[in-house]
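Read through the structure below, which is laid out as structure tokens, and then see the notes.
The values are calculated or read from the model by the stated rules, or taken from the named source; none is laboratory data. Every value quoted in this text rests on a predicted model; they were computed, and no experiment measured them. When we count neighbours, we look across all protein chains shown, and the Cβ atoms used for this are built from the backbone with ideal geometry, even at glycine.
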Amino acid sequence: MLLFIYILFPTLSKAIQSYFVKFGEVKTLFEVMDALDAQLVQIDDDHKIMTNSQFCFLQNRTLFTEGQTFTLSTSDIIYEDSDLLIDMVILGNNDIYGLTINNRLFHVNINQKITNIYDINFTNYQDSLPQLIGYSQNLIFIYPNYAYQINFGDLKKQGDIKNWQSRQTRYYSEIIDFYLFSAIGQDGLEIYFVNQEYQSYNLNNQSIGLLAVDFRDFSIQKIKDSNYIIYILCKINGVIVIDLTISNEQIYSNLILKNVGPKNDGIALTINNNAFVFVAYKSKNQYYVIQFNIEIYSRKWGSVAKFNISNKILDIDVNEQFILVQGFHTHFLIYYLDKQNAIPFQLTSVKQFVLVDQNIYGTTSKYLFQFQPKIQPFQIKCFIDTDSKQIERKYKLMYRTNESWKQREFKVHFNQRSQIISIQFLFFILLIFIISILFCVTYRQCKHQRQIIKESEQLEQKIKSLPQNRASKLLMPHTFRATNTNVETRINTNNYPDENTILEKDTKIC
């Protein structure tokens, strides 16, 4: 039976690798759930690859963007792309603040689903776009030469930040532990003491120990109280790593590494919780992201992976699962743990996204979107544009998983009726067949057992009807143990060895 199943199963497996497609439909044959990369080719009867593949194609992985939608404006005057998002921050777990190019500030509470719109006016500073950063209940609008603060706990507490330093250029800014860090290009990195009326310290090329710097982006990793590791993207020295200690309003810096990665092609930098560093680059017309592993204490670094991007990169962000690459209209998601290729996606008129934990947030002029990305795997789809002829084609799918490259061959019949029984039905028939055989075998065994018992009972009845002599007793001893308790007979029986007992008693009988 096992041999029969072993022989039959490969035959069934080969038989089900056929699919049927009729005119007028685009049919999805199957999905490749675990594929990270894939290629579909047409083959001939000798399994050789044909150059012109027809009728079937491989649909790449796509991204689901289903989630919650919050209405920011119901005005018919405002169109989807008439007001672009400049920046967005999330305070706590529920409050989202966003600033648009038309000086609209919106506030969305996710739990209560409440939306508020505020009109603000920075008419004197329209020559540049601000960055929006937040801490506690405060929002700060940062310009190169100006900063404005609003306290949403007390709206009366708002106004200019008095000690803000005017700079020609100001790139990325971030607050951590009431210290505001701001990249200011060739002037280095500014550090403001928020609780000390924004008194500032300038970390420039001289204090760091470099001939020249041009800081564009950075990320901060907190080691312990008042001790930080700062990864800075420099247009002159590549990525540099600084050990920074802040104590009693004094700042101590130590340059750990420089010239990490390409020196002058960097666009954006970010890190994840495991301190992997991700940097976006542009080299000529090629955009890509490199994942670095930087060992602070041994002062060593190396590249872990490189991900090519087919469109322009504006910014990147990362969590523990994927990299969010922001472009103009097309954006990308990279599941870097599996070394997957970049997955492109678009979402109506959304131009900018913010990644917080597992959620991605984006806005249009009228709506705020919140979603968690989900992947639609590779799909094999087939169609035929004529019903005048019957066609049969063979294909080979080659795909990469986490373990290795795999392949699968299948046949597609166009405009033909299926003559092949489905796999479910075949296994059902096989199961019924096996159960029937087992039932027959069991029935025959039970019948045979009943016959043995019946014959034994008949034999026992015959023996009971015989005179109770030595031979009959030895033939069926248990019968007489149950009905006869003659002690002398038992003793006499035990006095004879088994091999001689019957012979000697027969002699005496004679």
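For the residues THR71, THR62, the requirement of being hydroxyl-bearing (Ser, Thr, Tyr), surrounded by 15 or more Cβ atoms within 10 Å (Cβ to Cβ) and modelled with pLDDT of 80 or more singles out THR62. What about LEU333, is it under 28 Å from ALA38 (Cβ atoms), under 24 Å from the mean Cα position of the chain (by Cα) and in contact (Cβ under 8 Å) with a residue 40 or more places away in the chain? Judged against the criteria, LEU333 is a match.
All of GLN149, GLN168, GLN137, GLN206 fail the test of being out of contact with any helix residue (DSSP H, G or I) (no Cβ under 8 Å at 6 or more places or on another chain), outside the structural domain of THR270 (by TED's automatic domain parsing) and in contact (Cβ under 8 Å) with a residue 40 or more places away in the chain, apart from GLN137.
The rows are residues; the columns are (1) within 18 Å of TYR281 (Cα to Cα); (2) among the hydroxyl-bearing types (Ser, Thr, Tyr).
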| residue | (1), (2) |
| --- | --- |
| ALA305 | yes, no |
| SER310 | yes, yes |
| ASN319 | no, no |
| ILE323 | yes, no |
| THR330 | yes, yes |
| LEU333 | yes, no |
| ASP338 | no, no |
| ASN341 | yes, no |
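Return only the number of the condition from (1) modelled with pLDDT of 85 or more; (2) within 18 Å of the chain's Cα centre (by Cα) that ASP357 does not satisfy. All conditions are met except number (1).
I need a count of the residues in the range 168-183 that are assigned to a strand (DSSP E or B) and farther than 15 Å from SER226 by Cβ. Residues meeting the conditions: 6. Within the range 255-277, residues that are in a loop (DSSP other than H, G, I, E, B) reach partners that are charged (D, E, K, R) with beta carbons closer than 7 Å, at six or more positions or on different chains, in the pairs ASN264/LYS235; ASP265/LYS282; ASN272/GLU320; ASN273/GLU320.
Which residue out of SER388, SER365 is surrounded by fewer than 19 Cβ atoms within 10 Å (Cβ to Cβ) and outside any strand (DSSP E or B)? Just a single option satisfies the conditions, and that option is SER388. When ILE296, ILE313, ILE290 are screened for being surrounded by fewer than 18 Cβ atoms within 10 Å (Cβ to Cβ), among the β-branched types (Val, Ile, Thr) and more than 19 Å from the chain's Cα centre (by Cα), only ILE296 passes. Looking only at residues that are part of a strand (DSSP E or B) and surrounded by fewer than 17 Cβ atoms within 10 Å (Cβ to Cβ) in the range 186-200, which one is farthest from the chain's Cα centre (by Cα)? It comes out as GLN199.
For the range 340-362, a residue qualifies if it is of a type outside the set (Phe, Trp, Tyr) and assigned to a strand (DSSP E or B), and the qualifying residues are ILE343, PRO344, VAL354, LEU355, VAL356, ASN359, ILE360, GLY362. Here LYS351 fulfils each of the conditions (1) charged (D, E, K, R); (2) within 26 Å of ASP95 (Cβ to Cβ); (3) free of Cβ contacts under 8 Å to residues at least 60 places away in the same chain; (4) in contact with a strand residue (DSSP E or B) (Cβ under 7 Å, 6 or more places away or on another chain) apart from (3). Scanning the range 410-434 for residues that are modelled with pLDDT of 70 or more and surrounded by fewer than 12 Cβ atoms within 10 Å (Cβ to Cβ) gives ARG417, ILE429, LEU431, ILE432.
Regarding LEU180, is this residue touching an Asp or Glu at 6+ places or on another chain (Cβ under 9 Å), at pLDDT 95 or above and surrounded by 20 or more Cβ atoms within 10 Å (Cβ to Cβ)?
yes
Residues of the range 227-254 that are in a loop (DSSP other than H, G, I, E, B) and surrounded by fewer than 16 Cβ atoms within 10 Å (Cβ to Cβ): ASN248, GLU249.
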